[in-house]
Amino acid sequence: MQGVGALSSPTCVSPSLPSSSWNHLNPCNIFLGRRNSVPTPNQNQSPTKRHQSLSLSLRRQYTSFTAKAAAASSSSVGSESYAEEPATRVKFQTPLTLPGCSTSLTLVGTGLYINPSIFSKLDAWKGKSAADIQENRSLFNSIFQAPLEKSLQIVLVRDVDGKTFWDALDDAISPRIKSLTPVDQSALSTFRSIFQGRPLKKGTSIFLTWLDSSKMLVSVSSDGLPSGTDATIESQNVTFALFDVFLGDASVSPSLKASVANGLATILK
């Protein structure tokens with residue numbers, strides 16, 4: 001396996017695209033093709049140029065699912081409230097309580113939940129537009145570095161085997177870590193073991209829950225919210241690389257990042 005990278009470390013490098021021969025996940029829009037079928041963006045380009053070339057390659061080579069970055073519609077069932085992603089009708093519960101979290105988490109985009117105490121650490125961005133927030137690396141780094149919970153819910157919109165899912169994540173994580181430490185290798189081995197030989201059915205949710213910058217819980221549930229965790233990942237390089245996959249400068253899902261920026265702009269008015 002190739003190397004993986006560190007979260008706000010200078011050893012981080014720009015990502016290549018995820019791979020394998022299945023379509024996509026919601027809400028994170030992981031576009032999958034054959035390994036190495038899409039070139040890695042030029043590392044000498046600015047982050048914006050790399051992101052543009054990466055997006056252009058996707059548009060040329062894949063039929064893409066585009067989630068709407070606008071606010072999801074809201075509904076309620078009994079005492080529970082949901083936000084619905086318009087394109088796929090996937091529902092995200094609001095708020096959400098997950099194993100290992102000290103409090104309920106607030107939904108700020110189609111799939112991203114954060115501990116509401118984090119909002120007090122984002123005063124510098126009060127009144128900023130969604131467009132300004134989306135392009136602001138320091139804001140997303142502040143969210144990651146805060147020693148408070150945040151969780152990403154990935155909902156599968158088709159059946160896929162666990163190995164294929166892991167291969168997609170591995171292809172996205174690996175270019176972000178320049179050299180693996182023994183701690184990183186152990187963390188990745190633990191992460192990979194969750195999915196090996198495990199069929200993942202349509203509707204399965206994978207929760208990636210960062211407790212702090214070096215510790216992440218992984219929970220997989222095929223029926224509602226998880227009752228426990230499948231693994232604990234303890235490596236700041238790995239946890240940051242994974243956060244960067246979805247919310248970094250070259251996010252594999254611009255629509256996810258846009259929806260999070262919209263949610264934060266509304267909350268921080």
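The values are calculated or read from the model by the stated rules, or taken from the named source; none is laboratory data. Everything quoted here is computed from the prediction, not taken from an experiment. Methodologically, a virtual Cβ is constructed for each residue, glycine included, from the backbone with ideal geometry; neighbour enumeration extends over all protein chains shown. Please note that ligands, DNA and RNA were not included when accessible areas were found on the heavy atoms of the full protein model with its side chains. Shrake-Rupley method; radii C 1.70, N 1.55, O 1.52, S 1.80 Å.
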Original post:
Tell me, what HN-Hα J-couplings in whole Hz come from the Karplus equation 6.51 cos²θ - 1.76 cosθ + 1.60 at θ = phi - 60° for each residue of the stretch 186-192, using x for Gly and Pro?
Top reply: 5, 5, 5, 4, 5, 4, 4
Subject >> Charge context of Lys150, other residues only, Cβ under 15 angstrom, K/R +1, D/E -1 >> reply: 0
Subject >> ³J(HN,Hα) computed for each position of the stretch 230-239 - Karplus, 6.51 cos²θ - 1.76 cosθ + 1.60, integer Hz, glycine/proline x >> reply: 8, 6, 10, 9, 10, 6, 5, 4, 6, 5
**OP:** Collect residues whose amide H, placed 1.01 Å from N in the peptide plane, falls under 5 Å from the amide H of Arg198; neighbours closer than 5 in sequence don't count.
**Re:** Gly162, Lys163
**OP:** For the stretch 130-137, just list the computed ³J(HN,Hα) in residue order, Karplus coefficients 6.51, -1.76 and 1.60, θ = phi - 60°, integers in Hz, with x standing in for Gly and Pro.
**Re:** 4, 5, 5, 5, 4, 8, 9, 4
Subject >> Whole-number percent relative contact order across the stretch 114-204, with pairs defined as alpha carbons under 8 Å at least 6 apart >> reply: 38 percent
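Could you put Glu149, Glu234 in order of accessible surface area, largest first, with the 1.4 Å probe and the full protein assembly present?
On the way: Glu149 15, Glu234 115 Å².
Per-residue accessible area, sorted high to low, gives Glu234, Glu149.
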Subject >> Heavy atoms of Phe195 accessible to a 1.4 Å probe, total area in Å² rounded to 10 >> reply: 0 Å²
Subject >> Cβ-derived FRET efficiency at R0 22 Å, Lys269 paired with Thr103, nearest 0.05 >> reply: 0.45
Subject >> Amide H contacts of Leu180 (H built 1.01 Å from N, under 5 Å, at least 5 apart or other chain) >> reply: Val4
Original post:
Say each of Gln185 and Leu225 gets a label point 7 Å from the Cα, pointing the same way as Cα to Cβ; how far apart are those two points in nm?
Top reply: 3.9 nm
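Counting alpha carbon pairs within less than 8 Å and at least 6 residues apart, what relative contact order, in whole percent, applies to the stretch 209-269? All intermediate terms of the calculation are to be shown ahead of the outcome.
On the way: 56 pairs, mean separation 14.1, N = 61.
Dividing the mean separation by the residue count of the stretch 209-269 yields 23 percent.
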Original post:
Out of residues 5 or more away from Thr204 or on other chains, whose amide H comes under 5 Å of its own, with H placed 1.01 Å from N in the peptide plane?
Top reply: Leu156
